[in-house]
Amino acid sequence: MKFPALSFFEGKKNLFLCHAGADVDSLASAEAFFLSLKKNRSSMVGVPEHVNLSAKAMAENLGLGFELNPALKEFENVVLFDLNSPEMLGGFGEKLRAFAGKIFIIDHHAKTGSWLSEKSVALVDSDAVSCTQVVYGYLEKNRAKISPLSARLLACGIIADSARFAVSSKEAFLDMAQLLEKSGVSYPELFSFFEVKKDVSERIAALKAARRARVFRSFDKIISVTQVNSFEATAAMSLVFLGAHVGFAGGEKEGKILISGRALNNFSSRTGFDLVKHVFGPLSQKFSGSGGGHAAAAAFNGRGFPIEEALFECAKLVHGFLEKETGKTSQLKEYD
Ligand SMILES: [Mn+2]
């Protein structure tokens, strides 16, 4: 079966479903599709588990409605946005597996083989920078009316998934130019729709983290570690914003220790540095706990050890990685 025309969905009971922890691109795609239907009163946008902070801000600023963990049995069709592997649905995947209706997918990730790909009809363009680009192309082809709100949503998806056009394509710029015109707002205004406002305590935590930071140099790279009482992830990210190639922030609450790590993205991609593999994995052999996450953003959860020592060990492990990478040995130098 080919992916149906937009008219197929008119007046039907459709659930437009995001991935678990929906981001701006996923939520914007589902909402724009929903808005483009003339008869959408029996349809709904749904999100498994939760939406992330940026998507939450966008929903509030643009007045978007969606339901968390919706019941599936009322619907004829489920259309998934911005995912094609069942793992991205979290615990919702099993529910969808038992769904008796039709499943469709609109996505920009490379296709993966799974029960989902066998049970669904997909519209996938893995060259698209964002899922909203795929939705936009589809709506244009179906001569759907793109309202200013839809245009804003579709544009936000491109900005978010292109990391503000750091990862982009000619088509993304062309789509953006058209969407900007249709949106009726300025480019900076689009950013404000999904901007996460930091509260005062988070700002203070980040600044205190900087004041207490230890600064190390390993070859031509800067590693920084700090201790905080809360907002570990924000603190680690702040160290990277301030100039560290890799930053760690550790804190303890009720005996539980959390160390958050962040690396400069292009440092990770250029060197193959991976926080989980090169730092938090080896760290768990010395300190009780375990780590998980992504190459450039990860965390270690543990208990029963001095944070200061573990943070210093993190810096040493990054240094060890750099020694291996350069094939040279050197001193890890600390700056006062
Ligand atoms: Mn996406």
Label-point separation in nm, L68 to F8, each point 7 Å along Cα→Cβ: 3.3 nm
E189-S201 pseudo-label distance in nm [points 7 Å out on the Cα-to-Cβ vector]: 3.5 nm
Which of S230, V279, N265, positive extreme of dipole for the stretch 200-335 (C-beta unit charges): N265
Integer Hz, Karplus 6.51/-1.76/1.60 couplings in order for the stretch 281-291, x for Gly and Pro: x, x, 4, 5, 7, 10, 10, 6, x, 8, x
Segment K328-K256, length gained on full extension (0.36 nm per residue, minus Cα span): 22.2 nm
Cβ-based net charge around P148, under 13 Å, with every Lys or Arg adding one and every Asp or Glu removing one: +1
Whole-Hz couplings from phi, Karplus 6.51/-1.76/1.60, listed for the stretch 115-127; x for Gly and Pro: 4, 5, 5, 6, 8, 10, 10, 10, 10, 10, 10, 6, 8
Interchain or long-range residues, amide H under 5 Å from L80's placed H: L17, F104, I105, I106
Modelled FRET efficiency - R0 45 Å, Q178 with E87, Cβ distances, 0.05 increments: 0.85
Loop-located trypsin sites (Lys or Arg not before Pro) in the stretch 27-79 whose Cβ has at most 11 other Cβ within 10 Å (DSSP): K38, K39, R41, K73
Calculated FRET efficiency for the pair S290/Y335, C-beta based, R₀ 35 Å, to 0.05: 0.65
Using θ = phi - 60° and Karplus 6.51 cos²θ - 1.76 cosθ + 1.60, couplings along the stretch 263-274 (whole Hz; Gly, Pro as x): 10, 4, 3, 6, 5, 4, 5, 6, 9, x, 5, 9
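Classify the stretch 1-151 from the C-alpha gyration tensor, please: rounded if a/c falls under 1.5, else prolate or oblate depending on whether a/b exceeds b/c.
Values: a/c = 1.22, a/b = 1.10, b/c = 1.10.
Taking the square roots of the gyration eigenvalues as a ≥ b ≥ c, the stretch 1-151 is rounded.
If each residue of separation counts as 0.36 nm, what is the full-extension length gain between S114 and K145 once their alpha-carbon separation is subtracted? Could the numbers behind the result be given before it?
Working: separation 31, 0.36 × 31 = 11.16 nm, distance 3.43 nm.
Roughly 7.7 nm would be gained on extension.
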Separation of the V121 and F241 label points, Cα + 7 Å toward Cβ, nm: 4.6 nm
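When DSSP assigns beta bridges and you keep just the ones with both residues in the chain, what percent turn out antiparallel, to the nearest 5?
Working: 28 of 53 bridges.
So the antiparallel bridges amount to about 55 percent of the total.
No lab work stands behind these numbers, since they all come straight from the coordinates. What you are looking at is a predicted structure, and each value in this text was computed from that prediction instead of being measured. As a convention, Cβ positions derive from the backbone with ideal geometry for all residues, glycine included, and neighbour counts pool all protein chains shown.
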